[in-house]
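Structure, as structure tokens:
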Amino acid sequence: MDCNIQEVDAIIEQWGAKPDSLLQIMLDINHRYHYLPKESVKRVAERLEMPLNQLFSVATFFKVFSLVPRGRTIVHICTGTACHVKGAPKLLDRFEKDLKLRPGETTADLALTLETVNCVGACSAAPVVLVDGVTHTEMSANKISKLAKELKAQEG
Amino acid sequence: MAKITLKINGQDVQVDEGSTILQAAKEAGIYVPTLCYHPFLPLEEACRICVVEEVRRGWSTLVAACVFPVRQGMVIETDSEMVNESRRTILELLLSDHPNACMTCQATGECELQDLAYRFQVTAGAYQGQRHKYPVDSDPHPLLHIDMNKCVLCRRCIRACHDIQGADIWTKVGRGFNQRISTAFELPLLDAGCESCGHCADFCPVDAIGVRSGRGEVRPWNAVSGSTVCLQCACGCLAQYQVAGDKVVRVRGDFRSPANRGALCKLGRFNFDFINGPQRLTETLVRGESGELKPVALAEAIETTAKALSEVRDAGESASIGIIAGGMLANEDYYAAQKLARGGLFTNNIDHVSGPWQLPVYEGLSTSLGLGAMTNSLEDLSQARSILVMGSNTLEKQAIAALKVRAAVRGGAKLLLAHPREVGLGKDAKMQLAIQPGSEDALVLAFIKTILDQKLYDEAFLEAYTQDFDKLVRSMEKVELAELAEKTGLSAAVLTEAAQMYAAQRPACLIYGLETGAAALNETFYRMCAALQLLLGSVGMAGGGVNVLGAAGNAQGAADFGAWPKYLPGYRPAGQSGTKKMIAKLWGAELPGAAGLSWPEMFEAMEKGTLTCLYLIGVDPFSVGIAPNKVEAALARLKLLIVQDCRKTRALDFAHVVLPAAPFIAKQGTAINCERRLQKLEPVVRSGVAGDFELINGILKAVNESLAFTGVDQAFAEAVQLHKDLDNLNLAAVTVEGVQLPVSPEGSGTERLGLPLEEGKAKFKFYAARM
């Protein structure tokens, strides 16, 4: 998605062009584009009168930010201890087989991004998968296959 | 300030409240290791190697000494088992992700990690685990060598890049084990905007960021280090030269001088090819009958020169002799050169390359603010609240001043940058004024006009310290803003806005960087600058002043020591009979009467054929801003051209005598930087050839033996008698920090000029009609 400077400016205006607002502005931009386009980061640095390198440091520190385009939907497969024991690796394998997607990768049409997460605090329901923050519990390889199909259909 | 008493290793230590444990330990002479800490950088607390044990009742804890403030009654152990075990673990962890290839590492011998590992006897291998694998020499930067495998993540480079240079290139990327030092969007350094100052390499405790020069060729212990003043620009930075044989390997900033406090610029740090390179001049040459330059003994060349010059003088044609000195000479060199011209050869035709630019500064400022030099100290600039930078590309030509400007901007100052082109300071400027080249005078006048019209001046200051304010107002009535706007190429609205911004915050700081080759502004401009600053009440205080940055390394010294045609040492007018008598008595020689020729006038005289003998001391005539064909034509007409330099220049093609001289880093003597700081030069390299002073003195001796000096010290001692601002300064008493002119009889310097005296108030010297 192309970055629209007017849109970025509007986000900056909303929070105020001051260094204190940096995180809120970056979160909103990240939410709007599903990542932080390079142009937007430069624009924010310019408007907030902050060095670009400081913004880059912030952008790479927090996992919520991405500097590469990400999918409209983000799937998190938990690989914490409980989920691992209950078969998270199998879920990853199946996901890769069905959608040709490995952790950290995004589909070419920018529909889906797959991530792993170390624990979501729902170990009793392991293995757990989050789709845009919605929890899917006690997953299996078949269940994730079905989920993958549904996600594809939604985009279709 | 309240004092705090604490116990370190059983010893009572008293320090100021707010000190850190590390500072207290230092005061008590107790060693605490550090790695990320650097006394000239802000605190970071990244490495924790400085941990010490704070003992409380019944329990104790480890705290980082570099950041932890002292508290009354605190009990600290710096050498306990707990502390040492912790430090060893930290080192083991650092070494577990470090190449540990000290055998081939360039930093071996001066590596802080290596020193710590040695001190605590820690070897690699305690922890086996994941290691980083970055490409070695990962950046194509022509001067820096990057190997992030060696990085210990102390972030000194980031702090140096931000707090000293203000370039903001290096940054930390990612977090946890994946954290690394890189640039925004991980671009190569130069693409990211690197200014090649090299501070990151200076502060890197290991060899993650190093320099390319000397790599794989010279071990640190095979080089000798010495400090002297860099004369490549007017900032006069104290620099530490690492030298192997007669070659410079590396240059580092020296923290002892207040001029630069460890900072250096690209030029000072990396430009030493003229010392090392094949362009070095080493042979004494004289043009023989056949027209070829032939090697001769130095004594013979000096005798030939002196004989030829004496003949011209004895024939009563002294006016056809001229001497032009370069910008990188010592004060004593300038003094000796002007003594040779005046006392030895009976001519005032002596100038230094930046003379035409420095002369109006002296004539404008000495009559308005008291001394023809930068009124404030370089360090003062960082205290400014609003800044107007004009003239040279400051970041390149007088970098240290630009760094201080950036420090002020970081502290909230507003920067107005007036320059025809896009320059390095642009990214820090609140407002960029793309004025027509050489229209700074119109700009300053427009500021004065706006400030008067809108009554933005400091009335209380004007009342207390100035007179003739009404005269200024009256003379400005005739000035039209629209006319000034046209001259600057900006609109009247922009000029008004700029003037308002400049006047809004005080102290306001005016900076004008001189540049040889640029159009020289007349003395009225400098008087206007002084008037502007007086209007804003920004004179005589930190962060204010009229700050004219010299055009060459020792331009200020050349002026003070008399290397120009109109003034003798100590700014004594050349024609004045009292001065002539007094100096004639001191030297025992008759002095010429009228003022001599400036160097551009000398070139004109050469073309006309009225100046036939020229002595060039450290000047490349082809780089002074005159068209090459004109230089050629002028030099070709000379009957005698003496070229004295440390490097080969095109002038050699026209020379009759060539005298090889030592570069500035091999000199003994003194120099004065733009902030009037007189500093000592110490030879840091053996050059194998005589210095400028020895050569000039040799000619002087052969021309008139009674005028010759016994040495550099005697030349200095003689010069200070003639200069009231040096007031018989005792050179031996001058410390490494130098002393700022004018010097009091007790030998203490003057940090800041132009604070108007209670009596004999500062006067506006202002002639708007001359615009």
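The values are calculated or read from the model by the stated rules, or taken from the named source; none is laboratory data. It should be emphasised that the depicted structure is a prediction, and the values quoted were computed from it without experimental measurement. Because the Cβ atoms are built from the backbone with ideal geometry, glycine has one as well, and the counts that use them run over all protein chains shown.
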Right, B:Leu591: crowded, with 16+ Cβ neighbours inside 10 Å and either among the charged types (D, E, K, R) or at pLDDT below 95 (or both) or not?
yes
In the list B:Phe622, B:Phe709, B:Phe664, which residue meets the criterion of being crowded, with 23+ Cβ neighbours inside 10 Å and aromatic (Phe, Trp, Tyr)?
B:Phe664
Any residue in the range B:355-367 that is acidic (Asp, Glu) and farther than 25 Å from B:Asp713 by Cα?
yes
Does B:Cys194 meet the test of being surrounded by 22 or more Cβ atoms within 10 Å (Cβ to Cβ), of a type outside the set (Ser, Thr, Tyr) and either without any contact (Cβ under 8 Å) to a residue 24 or more places away in the chain or within 14 Å of chain A (Cβ to nearest Cβ) (or both)?
yes
Counting only helices (runs of 4 or more DSSP H) entirely within the range B:490-581, those with at least 1 residues that are surrounded by fewer than 24 Cβ atoms within 10 Å (Cβ to Cβ) and free of Cβ contacts under 8 Å to residues at least 40 places away in the same chain are B:492-504
Look through the range A:48-100, keep the residues that are closer than 27 Å to A:Leu147 by Cβ, within 20 Å of the chain's Cα centre (by Cα) and polar (S, T, N, Q), and return whichever of them is farthest from the other protein chains (Cβ to nearest Cβ).
A:Thr73
Of B:Ala530, B:Ala519, B:Ala492, B:Ala563, the only residue that is touching a His at 6+ places or on another chain (Cβ under 6 Å) and either in the same structural domain as B:Asp380 (by TED's automatic domain parsing) or not polar (S, T, N, Q) (or both) is B:Ala563
Run down B:Glu45, B:Glu17 and say which single residue is among the charged types (D, E, K, R) and at positive phi.
B:Glu45
List pairs: first residue in the range B:315-330 and farther than 21 Å from B:Pro569 by Cβ, second residue at pLDDT 95 or above and part of a strand (DSSP E or B) anywhere in the structure, Cβ distance under 8 angstrom, at least six positions apart or on different chains.
B:Ser320/B:Cys613
Criterion: of a type outside the set (Phe, Trp, Tyr), touching a strand residue (DSSP E or B) at 6+ places or on another chain (Cβ under 6 Å), touching a residue at least 12 places away in the same chain (Cβ under 8 Å) and outside any loop (DSSP other than H, G, I, E, B) - qualifying residue of B:Leu22, B:Leu62, B:Leu91, B:Leu113:
B:Leu62
Scan of the range B:428-450 for residues that are closer than 26 Å to B:Ala192 by Cβ and surrounded by 19 or more Cβ atoms within 10 Å (Cβ to Cβ), ordered by number:
B:Asp428, B:Ala429
Selection over the range B:623-667 where residues are in a strand (DSSP E or B) and more than 25 Å from the chain's Cα centre (by Cα) yields a count of 8
Residue under question is B:Val229, and the condition is that it be over 30 Å from B:Gln358 (Cα atoms), under 26 Å from the mean Cα position of the chain (by Cα) and in contact (Cβ under 8 Å) with a residue 40 or more places away in the chain; does it hold?
no
Would you call B:Ile209 within 14 Å of chain A (Cβ to nearest Cβ), out of contact with any Gly (no Cβ under 6 Å at 6 or more places or on another chain) and under 25 Å from B:Glu110 (Cα atoms)?
no
So, first residue in contact (Cβ under 8 Å) with a residue 12 or more places away in the chain and farther than 19 Å from B:Glu675 by Cβ in the range B:401-415, second residue among the basic types (Lys, Arg) and outside any helix (DSSP H, G or I), Cβ within less than 7 Å, six or more apart or across chains; the pairs are B:Lys414/B:Lys430; B:Leu415/B:Lys430
Filter result for B:Val67 (at pLDDT 95 or above, assigned by TED's automatic domain parsing to the domain that holds B:Ile90 and within 35 Å of the chain's Cα centre (by Cα)):
yes
Please go through (1) in contact with a helix residue (DSSP H, G or I) (Cβ under 8 Å, 6 or more places away or on another chain); (2) surrounded by 19 or more Cβ atoms within 10 Å (Cβ to Cβ) for B:Asp139 and return the number of the only condition it doesn't satisfy.
(1)
B:Tyr31: passes all of (1) surrounded by 14 or more Cβ atoms within 10 Å (Cβ to Cβ); (2) of a type in the set (Phe, Trp, Tyr); (3) touching a residue at least 40 places away in the same chain (Cβ under 8 Å) but (1)
Residue hits (the range B:132-187; assigned to a loop (DSSP other than H, G, I, E, B), more than 25 Å from the chain's Cα centre (by Cα) and within 14 Å of another protein chain (Cβ to nearest Cβ)) are B:Leu153, B:Arg155, B:Gly174, B:Arg175, B:Gln179, B:Leu187
